[in-house]
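Notes for the one structure printed next.
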Amino acid sequence: MRLITFTTTDGATHVGALAGDTAISLTRAAEGDPRFASMLDLVRSGDAGVEDARDLCDSHPAHAVHALDDVTLRAPLPNPPRLRDCSLFIAHLQPAFRGMARSIAAEAADPEAEYERLVATGKFDTPEVFSREVIYYNADHTAVSGPGDLIVAPAETRQLDYELEFAAVLGHTARDVAESDAAGVIFGYTIFNDWSCRDLQSVVMESQLGPSRGKDFDGSNTLGPCIVTPDELGSPYDLEMTARVNGEVWSHGSTSTMHHSFEKAIAHFSRNRTVHAGDVLGTGTVMSGSPVEIGKRLKDGDEVELEVQGIGILRNRVQLPY
C-alpha cells in the first residue's frame with residue numbers, strides 16, 4: 001500500500017491510500033473505527049490494522065473515493081512520537097564538511113588561503129566514529145511539514161540547503177530487537193527532506209552538541225508524499241534517489257551506498273531501551289544530495305523536488321530572506 005494523510009475541501013483530515021489517480025479514505029471507509037482516525041493510530045494498530053487497511057483498499061464504499069485533484073496531501077505522519085536523523089550514508093559527510101569550510105572561508109579577504117587554514121585544523125574531516133557507530137541527532141518531531149508546504153527559512157540564515165534522504169517508519173513498540181529481526185519492526189518508508197541552514201550549522205557545530213539552530217525551525221523536517229509498505233517497495237537498498245531544483249537535476253544517488261542499514265539502526269536504538277511505533281528514522285543524506293557538496297545555492301522561490309524510486313516525489317517551494 002501507499003498510505004497518505006490528506007484533507008478534503010471541507011477541512012476534514014483523512015488517512016487514506018493512493019490508488020492510481022484517486023485517494024481512498026480509509027477513515028471514511030472504516031465508518032468510525034478509531035484505528036483509522038490518524039496515521040499514527042493506524043501505525044499503532046499493528047499488523048491487524050494493516051491487514052484491515054488492505055481489505056478496505058480492496059473493498060470500500062464509493063463515497064470513500066476522492067480524485068487526487070480534489071484533495072490536499074499532508075505529511076503522511078504529521079506527529080511522529082520521535083524523529084531521529086541518522087548518518088546511515090556516510091560518503092556525504094566529507095564533501096559536506098569541506099563545503100561548509102568553503103562557505104566560511106568565502107567571507108575572508110583571501111578565501112582560498114582561509115579555506116586551506118580551516119581544512120588544516122582537522123575540524124572539517126569526518127570522524128572515524130561515523131563508520132563504526134550509528135550516529136544520529138534528535139530532530140524536532142513537532143516541526144514536520146509535508147508535500148506542497150512552503151518552507152520558510154529563518155530570517156538569520158543566508159544558506160538554506162535541501163537534503164536528499166528517505167526514512168523508515170517503525171510499526172511496533174519493541175525493546176532489544178535483534179538485527180536479524182529488525183525488518184519486521186518497519187511499518188513503511190517515506191521521503192525525508194532535512195532542511196539545513198548551513199551558515200548557522202557551521203557556527204553551532206563547534207559546540208560538539210549537534211546542529212542545533214542550523215536544522216531547527218518551523219517545518220524543517222519534511223516527510224512525504226506517502227508511506228510505502230515494505231511488501232510494495234521490496235528491498236529499500238537498491239533505489240535511485242534524485243533531487244531537482246526548478247526541474248534541473250542537482251543531485252543523484254542510490255540507496256545501495258548506505259553504510260549502515262535500517263536493521264542495524266533499529267538494533268542499536270532498541271538495545272536496553274524502547275523504540276516506539278511511529279518513530280521515524282532518517283537515513284542522512286546520500287552523496288551529492290545537498291547543495292553544499294556541489295557548490296550550488298538555493299534562491300528565493302526555488303522549487304525543490306526529491307524523488308526516491310518506488311516512493312514518489314516530495315515537492316516544496318522555499319521562501320528565503322536573501
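The values are calculated or read from the model by the stated rules, or taken from the named source; none is laboratory data. The shown structure was predicted, so the numbers you read here are calculated from the model rather than taken from an experiment. Cβ atoms come from the backbone with ideal geometry, glycine included; neighbour counts cover every protein chain shown. Remember, those area values only see protein heavy atoms, side chains included, never the ligands or the DNA or RNA. Shrake-Rupley method; radii C 1.70, N 1.55, O 1.52, S 1.80 Å.
Before moving on, here are some points about what is shown:
- Charge tally around VAL134: other residues with Cβ under 10 Å, Lys/Arg +1 each, Asp/Glu -1 each, net +2.
- Residues whose amide H falls under 5 Å from that of GLY219, counting only those 5 or more places apart or on a different chain, are VAL144, with hydrogens built in the peptide plane.
- Listed by chain and number, the lysines whose C-alpha is less than 21 Å from the C-alpha of LYS296, apart from same-chain residues fewer than 8 away, are LYS215.
- Rounded to the nearest Hz, the phi-derived 3J(HN,Hα) couplings of region 228-245 under the Karplus curve 6.51 cos²θ - 1.76 cosθ + 1.60 (θ = phi - 60°) are 9, 6, x, 5, 7, 7, x, 5, x, 10, 8, 10, 6, 10, 9, 10, 10, 10, where x marks glycine and proline.
- Expected 222 nm ellipticity per residue - DSSP helices of 4 or more, -39500 (n - 2.57), all of the chain, to 500: -6000 deg cm²/dmol
- Contour excess over end-to-end distance, with Cα ends at VAL203 and ILE294 and 0.36 nm allotted per residue: 30.7 nm
- Counted residue by residue at 0.36 nm each, then reduced by the alpha carbon distance between them, the extension gain from ASP10 to ALA37 reaches 8.1 nm.
- Straight-line cross-link reach from LYS123 at under 15 Å between alpha-carbon atoms covers these aspartates and glutamates, not counting any fewer than eight positions away in the same chain: GLU114, GLU206.
- Rounded FRET efficiency, nearest 0.05, which uses the C-beta distance separating LEU150 from ARG54 and R0 of 41 Å: 0.75
- C-alpha center-to-center spacing [region 52-110, region 241-312] in angstrom: 8 Å
- The order of ASP55, ASP140 by accessible area, most exposed first and with a 1.4 Å probe, is ASP55, ASP140.
- Based on Cα atoms of region 83-319, Rg over Rh with Rh as the Kirkwood radius reads 0.96.
- Between ASP21 and ASP238, the modelled label-to-label distance comes to 3.3 nm, taking each label 7 Å out from Cα in the direction of the beta carbon.
- Total charge dipole magnitude, the chain, about the Cα centre, Cβ charges on Lys, Arg, Asp, Glu only, Debye to nearest 20: 560 debye
- Accessible surface of region 83-319 [probe 1.4 Å, protein heavy atoms]: carbon and sulfur percent: 50 percent
- Built amide H within the under 5 Å cut-off of GLY188, gap 5+: VAL169
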